[in-house]
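Below is one structure, written out as structure tokens; the observations come after it.
The values are calculated or read from the model by the stated rules, or taken from the named source; none is laboratory data. All values derive from a computational prediction rather than experimental measurement. All Cβ positions, even for glycine, are placed from backbone atoms using ideal geometry, and neighbour counts span all protein chains on display.
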Amino acid sequence: MSTAPTSGDPYLVVDDLTVRFPTADGLVQAVTGLSYQVELGKTLGIVGESGSGKSVSSMAVLGLHDRRSAQISGSIKVAGTEVVGLSEGRMRELRGNAVAMIFQDALASLHPFYKIGAQLAEAYRTHHPKATKKEARSRALEMLERVGIPQPDKRIDQYPHQFSGGMRQRAMIAMGLINDPSLLIADEPTTALDVTVQAQILDLLQDLQQEFNSAIIIITHDLGVVAEMADDVLVMYAGRAVEYGSAKEVLTRPEMPYTWGLLSSVPDVAADTNARMIPIPGAPPSLLDPPSGCPFHPRCAHREKVPGDLCRTELPELLPAVHGEGHLKRCHLADPEAVFAAEVLPEIAPEMVEEKR
Amino acid sequence: MTEDATIVEPGEERESFEELVKHTHSANELDTSAPPVLTVENLRMYFPIKTSLMRRTVGHVQAVDGVSFVVPKGGALGLVGESGCGKSTTGQLITRLYKPTGGSMTFEGHDLASISNREMKPLRRDVQMIFQDPYSSLNPRHTVGSIVGAPLRVHDVVPKNKTLSRVQELLEVVGLNPEHYNRYPNEFSGGQRQRIGIARALALQPKLMVADEPVSALDVSIQAQVINLLQDLQREFDIAFLFIAHDLAVVRHFCPEVAVMYLGKIVEIGDRESIYANAHHPYTQALLSAVPDVKQAATGGRRERIRLTGDVPSPIDPPSGCRFRTRCPIAQEICARHEPPLLQIGKRHKVACHFPGRLGEHPREPLTARLLGVDASGQPDPGASPATDLVEQPGYADTWFDLDGKTIGRA
Ligand SMILES: Nc1ncnc2c1ncn2[C@@H]1O[C@H](COP(=O)(O)OP(=O)(O)OP(=O)(O)O)[C@@H](O)[C@H]1O
Ligand SMILES: Nc1ncnc2c1ncn2[C@@H]1O[C@H](COP(=O)(O)OP(=O)(O)OP(=O)(O)O)[C@@H](O)[C@H]1O
Ligand code: SF4
Ligand SMILES: [Mg+2]
Ligand SMILES: [Mg+2]
């Protein structure tokens, strides 16, 4: 069990979620014991490297895993309704209505043979069976306009391949928002887009959130996006939460070496030119046979600071961090703040160390 | 996929943080005394658009339309800009994947633009390319040894019985286990595959490397490994880089000099400081302001930024005058009538805009009107005498327009 980083009435509560896939090679432990929550009007950012379970955990919220191949345990409550084990019929009512998802690959999730407008109208009619065709079409047009598609009256009758990458992404967002969902999950909504288009789409998400007070989960590998968009951040490694808290706490006073690794492996456009890009050594772990103890221990450059062989033998619990209310971290280090300040910060942001003096 | 049978390299055994840092580099520095290794002048590439039936040419994609720049020996020039602006095409022209429509590319006394494929062959050794995609750029049916050894065989640089030992040396240089020469690409992770591509490009000890998005397909945690490796190699073997990437922060780290492209043209070029701290082109300013900043976490919320509306126009039918004008927040009449010349406005800083200035300080009157012999709206001005030396030159002149002092600056 984890405590929430913020108080209030969370719209989504994920508690001890575990998702496993039996495969020919063995059991893939994609998500293990994951807990988090999101309130209306707030944004949660989920970060972590490829294969860390970001998409699998979010797809569970929408009940998108095949019941025959995925083993799911734990609890996911959307506005108080338990989603784990919910019938497919009830789930479909929820999906695209109360909860919507913008997928990683926009082209793959738009149907290539149907016009954009028709797909949007269909999404609307599914949850508004009383709406006429004409009403649905005008709603589709309105949404295309809202997401900033130029000349929406012409574009509405085009096919996905006639849209540019950024326009397709915006069409996906229009599709996700057409039924005014209370919870929107955006899985890498801007990866592969140019920074200028990315900025437009992030603006759009923020405007829409302000207007509808929706809860947003944004999955991304870009910590800059998290810093600018998210209220809370969840850092995932090997299917588990390794650090969780407000974006400010997690990004300015991180306490877990993997989070340090993420921060130090990307340069900043405004960084001191003495800053280094420090790689996380090694490769991501196998989820068929996750490492013993702390899942990060085979790649961790700080484990010799932990007495004994604890990192290799004992899984650290997700416990309150030294600093910050509701800030949680999964690491055995006794004084992470000191290590971060003395070793990591001077290399990745020398100018910050100067300022503090 | 984490299920890949990823091989752990000897260099990747867990090190202490201190040791880890020792193997990294801070940002590359500019050496202003380095002579050019590549000088590109007015380079153009127009791809013909043909009808499917008659193969008649009905138009052209102006992918690269008159770019000029210099890559210094052992240095690095970054090429940035939005998708489709012509970055890869520029790189492909330099490695002569295509023969350019016009312009020149002087490398070691040869014009790569005009020489024949046969004359080009010995030069290919000196100009190598690293590709964006570590998955599709390596033949899955060839062993790592045969991939890295192929250029050695083609160019006949080492005796046959020495190829293997040279391949193993190269694998070691890029931090792979030399014993793994007989494995196949799918046995390696993305970052390791990119290293194989780098080893292949290194095999012939090139003087110039064109790196087209060398890290953008890699997970963030792996990008730093590859960037540091490229920095190692650059220093050790004095290799010059044309470094193409859309990630402005990575480019800033790797490249002491940067060119910003928009729709086939360079709109601003300069040293790191001029581009990142003193950009004068509204497009560069918009690009920079759109990059999300981790430091923003301290205050929360988004940074103030310049909103660009609309999509990038087509290079088949680019806008008249300044190509950026359809999205430019400060465009005026003259922008539709005349193309702004690339003016030198600092010791190592050039910009192509009628209204160049720092963010929020763009002049009201076009700076270029007199030079072009027109009035402020771009109509012909019989009283003005147009400058005759506005032809774009690679490199920098000793004198420039000092915008702050409204005088001629001198080196
Ligand atoms: N249906 C499935 N069957 C078996 N394994 C699966 C299945 N779906 C996902 N996985 C595995 O679960 C793990 C987590 O995958 P997930 O897609 O959540 O990663 P991610 O964090 O979203 O990564 P990325 O950043 O690459 O999108 C991966 O190892 C993946 O291979
Ligand atoms: N072989 C070709 N035939 C016709 N048009 C081409 C060809 N190669 C590229 N183009 C066009 O030339 C323009 C420039 O393409 P290029 O690949 O150089 O862009 P880029 O800047 O590398 O973009 P990205 O960031 O997406 O890689 C584009 O409009 C592209 O469609
Ligand atoms: S628990 Fe140990 S191995 Fe894991 S991150 Fe902390 S110090 Fe590193
Ligand atoms: Mg994913
Ligand atoms: Mg390209």
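Which is out of contact with any helix residue (DSSP H, G or I) (no Cβ under 7 Å at 6 or more places or on another chain), of a type outside the set (D, E, K, R), more than 16 Å from ligand 2 (Cβ to nearest atom) and within 14 Å of another protein chain (Cβ to nearest Cβ), of A:38, A:28, A:13? Show your work before the answer.
Numbers: A:38 fails: within 14 Å of another protein chain (Cβ to nearest Cβ); A:13 fails: within 14 Å of another protein chain (Cβ to nearest Cβ).
Within the list A:38, A:28, A:13, the selection yields A:28.
Scanning region B:76-98 for residues that are away from ligand 2 (no atom under 12 Å from the Cβ) and modelled with pLDDT under 95 yields B:95, B:96.
If you check residue A:292 against the conditions, is it within 12 Å of ligand 3 (Cβ to nearest atom) and assigned to a loop (DSSP other than H, G, I, E, B)? Outline the logic, then answer.
Details: within 12 Å of ligand 3 (Cβ to nearest atom): yes; assigned to a loop (DSSP other than H, G, I, E, B): yes.
Judged against the criteria, residue A:292 is a match.
Taking the condition within 11 Å of ligand 1 (Cβ to nearest atom) and either in the same structural domain as residue A:318 (by TED's automatic domain parsing) or under 24 Å from residue A:179 (Cβ atoms) (or both), does residue A:58 pass? So residue A:58 passes the test. Number of residues in region A:239-263 that are closer than 27 Å to residue B:272 by Cα and either within 8 Å of another protein chain (Cβ to nearest Cβ) or not in a helix (DSSP H, G or I) (or both): the value is 5.
For region B:241-260, the set of residues classified as within 9 Å of another protein chain (Cβ to nearest Cβ) and in contact with a Pro (Cβ under 8 Å, 6 or more places away or on another chain) consists of B:249, B:250, B:252, B:253, listed by residue number.
Just give me the residues in region B:140-184 being within 27 Å of residue A:283 (Cβ to Cβ), assigned to a loop (DSSP other than H, G, I, E, B) and modelled with pLDDT under 90, in sequence order. Selection gives B:174, B:175, B:176, B:177. Somewhere in region A:228-245, is a residue out of contact with any Gly (no Cβ under 6 Å at 6 or more places or on another chain), among the β-branched types (Val, Ile, Thr) and under 17 Å from residue A:172 (Cβ atoms)? Checking region A:228-245: not a single residue is out of contact with any Gly (no Cβ under 6 Å at 6 or more places or on another chain), among the β-branched types (Val, Ile, Thr) and under 17 Å from residue A:172 (Cβ atoms).
Among the strands (runs of 3 or more DSSP E) contained in region B:12-88, which hold 2 or more residues that are within 28 Å of residue B:340 (Cβ to Cβ) and within 14 Å of chain A (Cβ to nearest Cβ)? Of the strands (runs of 3 or more DSSP E) lying wholly inside region B:12-88, those with at least 2 residues that are within 28 Å of residue B:340 (Cβ to Cβ) and within 14 Å of chain A (Cβ to nearest Cβ) span B:76-80. For residues in region A:164-189 being surrounded by 23 or more Cβ atoms within 10 Å (Cβ to Cβ) and over 22 Å from residue A:40 (Cα atoms), which is nearest to the other protein chains (Cβ to nearest Cβ)? Here the answer is A:166.
Filtered by the rule that a residue be over 13 Å from residue B:252 (Cβ atoms), under 21 Å from the mean Cα position of the chain (by Cα) and facing chain B (nearest Cβ under 7 Å), region A:264-279 gives a lone residue, A:265.
Give region A:280-297 a look and list any residue that's at the interface with chain B (Cβ under 7 Å from one of its Cβ atoms) and either in contact (Cβ under 8 Å) with a residue 40 or more places away in the chain or in contact with a Gly (Cβ under 8 Å, 6 or more places away or on another chain) (or both), or say none. Give the steps one after another, and end with the answer.
Keep residues of region A:280-297 that are at the interface with chain B (Cβ under 7 Å from one of its Cβ atoms), which gives A:280-288.
Correct list: A:280, A:283, A:284, A:285, A:287, A:288.
Summed over region B:220-234, residues that are of a type in the set (S, T, N, Q) and within 7 Å of chain A (Cβ to nearest Cβ) total 4. Within region A:248-262, is even one residue within 16 Å of residue A:339 (Cα to Cα) and free of Cβ contacts under 8 Å to residues at least 12 places away in the same chain? Scanning region A:248-262 turns up at least one residue that is within 16 Å of residue A:339 (Cα to Cα) and free of Cβ contacts under 8 Å to residues at least 12 places away in the same chain. In summary, strands (runs of 3 or more DSSP E) completely within region B:346-411 and bearing 1 or more residues that are without any contact (Cβ under 8 Å) to a residue 60 or more places away in the chain occur at B:399-402, B:407-410. Residue count for region A:115-137 under the criterion of being more than 28 Å from residue B:308 (Cβ to Cβ) and either loosely packed, with under 14 Cβ neighbours inside 10 Å or among the basic types (Lys, Arg) (or both): the result is 7.
Filtered by the rule that a residue be in a strand (DSSP E or B), away from every other protein chain (no Cβ under 14 Å) and crowded, with 18+ Cβ neighbours inside 10 Å, region A:47-71 gives no residues. With respect to the conditions (1) away from chain B (no Cβ under 14 Å); (2) in a strand (DSSP E or B), residue A:236 falls short on a single one, namely (1). Residue pairs whose Cβ atoms lie under 6 Å apart, separated by 6 or more positions or on different chains, with the first residue in region B:34-50 and modelled with pLDDT under 95 and the second of a type in the set (D, E, K, R), are B:34/B:73; B:35/B:73.
Selection of first residues in region A:298-322 that are within 14 Å of chain B (Cβ to nearest Cβ) and of second residues that are assigned to a loop (DSSP other than H, G, I, E, B) and among the β-branched types (Val, Ile, Thr), restricted to Cβ pairs under 8 Å at least 6 apart or on distinct chains, gives the following pairs, ordered by first then second residue: A:299/A:280. Among the residues of region B:313-345, those identified as outside any loop (DSSP other than H, G, I, E, B) and either among the polar types (S, T, N, Q) or touching a Gly at 6+ places or on another chain (Cβ under 9 Å) (or both) are B:333, B:334, B:335, B:336, B:337, B:344, B:345.
You will find that of A:89, A:53, A:45, the residue that is outside the structural domain of residue A:319 (by TED's automatic domain parsing), at positive phi and not aromatic (Phe, Trp, Tyr) is A:53 and no other. None of A:163, A:212 is aromatic (Phe, Trp, Tyr) and closer than 22 Å to residue B:82 by Cα except A:163. With respect to the conditions (1) in contact with a helix residue (DSSP H, G or I) (Cβ under 6 Å, 6 or more places away or on another chain); (2) within 14 Å of another protein chain (Cβ to nearest Cβ), residue B:212 falls short on a single one, namely (2).
Scan region A:128-147 for residues that are without any contact (Cβ under 8 Å) to a residue 12 or more places away in the chain and in a helix (DSSP H, G or I) and jot them down. Before the answer, list the steps.
Keep residues of region A:128-147 that are without any contact (Cβ under 8 Å) to a residue 12 or more places away in the chain, which gives A:129-132, A:134-135, A:138, A:142, A:145.
Listed by number, the residues that qualify are A:134, A:135, A:138, A:142, A:145.
Residues in region A:187-233 that are of a type in the set (S, T, N, Q) and not in a loop (DSSP other than H, G, I, E, B) were compared, and the one that is farthest from residue A:61 (Cα to Cα) is A:196. Considering only region A:251-274, state which residues are at pLDDT below 95, touching a Pro at 6+ places or on another chain (Cβ under 6 Å) and not small (Gly, Ala, Ser). Within region A:251-274, A:272, A:274 meet the criteria.
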